[in-house]
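Asker: Handing you a structure now.
The values are calculated or read from the model by the stated rules, or taken from the named source; none is laboratory data. Being a predicted model, the structure only gives us computed values, none of them experimental. Cβ sites come from the backbone with ideal geometry, for glycine too, and all protein chains shown count toward neighbours.
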Amino acid sequence: MSGADESRTIVPAERRPRSDEPSRPRTVPKARVRSGTRRPRKSLMLTAVMWLMLIYTLVPLAWLVINSTKTQAAFLSTFGLWFSGDFALWDNIGQTFTYDGGVFGRWLLNTLLYVVVGAGGATVLATLAGYGLARFVFPGKRAVLAIILGAIAIPGTALAVPTFLMFSALGLTNGPLAVILPSLISPFGLYLIWTYATEAIPAELLEAARVDGAGEFRIFRSIALRLLMPGFVTVLLFSLVATWNNYFLPLIMLSDPRWFPLTVGLNQWSAQAVTAGGHPIYNLLVTGSLLTIVPIVIVFLLLQRYWESGLIAGGVKE
């Protein structure tokens with residue numbers, strides 16, 4: 001026997017695994033099984049706070065829907081959070097659009113005009129300016145960014161009176177431009193697009209497009225705008241809600257009821273109940289308030305899927 005044969009380790013036959021013997025499954029430590037099936041912890045305090053916020057949000061909406069189905073007499077004599085009397089929702093809607101010569105329909109069209117031109121224009125301008133600040137270098141860029149951050153910190157109500165004085169000197173008050181032009185400026189939307197474009201648009205992709213001979217406008221339209229779509233939709237939603245609910249600026253800019261938006265017009269209806277010789281129309285006021293929130297809810301539901309898809313895409317980005 002050679003030395004190599006002597007150095008071999010001989011395994012007894014009884015310890016060798018047979019080919020026909022089934023392999024035993026490996027046991028998993030108990031600690032691993034427990035860690036993999038551990039249930040998420042629950043916080044009673046956070047759950048209670050969530051339910052309180054949900055109730056705080058839904059109760060006014062439920063009150064609005066319920067009382068829109070009541071007549072004037074039932075509204076004043078019944079409990080606000082339960083249905084009572086005849087179902088008068090369709091009659092209230094018809095009276096809302098025909099009261100005072102159909103002025104509610106005019107206010108609705110005015111609001112749509114301010115939202116489409118003002119909020120849409122603000123979103124487009126914020127997207128163009130934010131993309132330019134994020135991907136171009138020019139003198140005074142830091143000063144522009146500092147001005148934008150300072151404008152975000154200033155509330156809109158603080159600028160309403162100076163804006164009114166400036167527009168009054170130019171003869172632009174008491175008309176649609178008095179509401180549309182200030183709505184075109186959105187410092188927060190510009191800042192949001194700027195920060196989003198900095199992260200979402202790779203500089204290498206733009207350089208490759210320039211090497212291929214694409215112009216700046218084509219790069220923005222074909223590449224940058226598609227990558228900016230989640231941020232674009234986010235700014236659009238914020239601008240739509242802000243313009244739709246805008247009250248103080250139209251209040252000081254407009255004195256002609258024909259140009260009132262819904263917020264100022266409904267406040268005028270509400271003032272009829274406390275003025276001398278006024279006629280209260282609570283049922284129409286509540287129904288008009290319900291009709292005011294329906295379009296903005298529909299728009300939010302239609303745009304929400306684009307917003308969520310963009311957030312999910314950014315969350316799984318490597």
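Asker: Scanning the stretch 181-207 for residues that are of a type in the set (S, T, N, Q) and in a helix (DSSP H, G or I), which turns out farthest from PRO261 (Cα to Cα)?
Answerer: That would be THR198.
Asker: Being surrounded by fewer than 18 Cβ atoms within 10 Å (Cβ to Cβ), of a type in the set (A, V, I, L, M) and either assigned to a helix (DSSP H, G or I) or on the phi > 0 side of the Ramachandran plot (or both) is the filter here; which residues of the stretch 253-290 pass it?
Answerer: Listed by number, the list holds a single entry, ALA271.
Asker: Moving to a separate point now. Which one is nearest to LEU291 (Cα to Cα) among residues in the stretch 76-99 that are polar (S, T, N, Q) and exposed (fewer than 15 other Cβ atoms within 10 Å of the Cβ)?
Answerer: Among residues in the stretch 76-99 that are polar (S, T, N, Q) and exposed (fewer than 15 other Cβ atoms within 10 Å of the Cβ), the one nearest to LEU291 (Cα to Cα) is THR98.
Asker: Restricting attention to the stretch 139-148, does a residue exist that is of a type in the set (Lys, Arg), in a helix (DSSP H, G or I) and either touching a strand residue (DSSP E or B) at 6+ places or on another chain (Cβ under 7 Å) or free of Cβ contacts under 8 Å to residues at least 60 places away in the same chain (or both)?
Answerer: Yes, the stretch 139-148 has at least one match.
Asker: Take the conditions in a helix (DSSP H, G or I) and exposed (fewer than 14 other Cβ atoms within 10 Å of the Cβ) and apply them to ALA119. Does it pass? Before you say what the answer is, go through the steps one by one.
Answerer: On the way: in a helix (DSSP H, G or I): yes; exposed (fewer than 14 other Cβ atoms within 10 Å of the Cβ): no.
Criteria not met by ALA119.
Asker: Further question on the same structure: Condition check: surrounded by fewer than 17 Cβ atoms within 10 Å (Cβ to Cβ), modelled with pLDDT under 90 and among the β-branched types (Val, Ile, Thr). Does ILE312 satisfy that?
Answerer: Details: surrounded by fewer than 17 Cβ atoms within 10 Å (Cβ to Cβ): yes; modelled with pLDDT under 90: yes; among the β-branched types (Val, Ile, Thr): yes.
Considered against the rule, which asks whether it is surrounded by fewer than 17 Cβ atoms within 10 Å (Cβ to Cβ), modelled with pLDDT under 90 and among the β-branched types (Val, Ile, Thr), ILE312 comes out as yes.
Asker: Could you list, ordered by first residue, the pairs with Cβ atoms under 9 Å in which the first is in the stretch 225-243 and within 11 Å of ALA200 (Cβ to Cβ) and the second is assigned to a loop (DSSP other than H, G, I, E, B), at least 6 apart or interchain?
Answerer: Partner pairs satisfying both residue conditions: LEU227/ILE201; LEU227/PRO202; LEU228/ILE201.
Asker: Further question: Working carefully through the options LEU206, LEU184, LEU165, LEU190, find the one that is more than 20 Å from TYR247 (Cβ to Cβ) and either within 20 Å of the chain's Cα centre (by Cα) or surrounded by fewer than 17 Cβ atoms within 10 Å (Cβ to Cβ) (or both).
Answerer: Just one listed residue meets the conditions, LEU190.
Asker: Collect the residues in the stretch 166-192 that are over 16 Å from PRO155 (Cα atoms) and of a type in the set (Val, Ile, Thr), keeping them in residue-number order.
Answerer: Residues satisfying the conditions are THR173, VAL179, ILE180.
Asker: State whether one or more residues within the stretch 244-260 are modelled with pLDDT of 90 or more and within 30 Å of GLU207 (Cβ to Cβ).
Answerer: no
Asker: Pull up the stretch 62-75, narrow it to residues that are among the hydrophobic types (A, V, I, L, M, F, W, C) and in contact (Cβ under 8 Å) with a residue 24 or more places away in the chain, then point me to the one that is farthest from PRO280 (Cα to Cα).
Answerer: So the residue we want is VAL65.
Asker: I would also like to ask the following. Inside the stretch 160-180, can you point out the residues that are part of a helix (DSSP H, G or I), over 13 Å from LEU254 (Cβ atoms) and either without any contact (Cβ under 8 Å) to a residue 12 or more places away in the chain or touching a strand residue (DSSP E or B) at 6+ places or on another chain (Cβ under 7 Å) (or both)?
Answerer: Listed by number, the residues that qualify are PRO162, LEU165, MET166, ALA169, LEU170.
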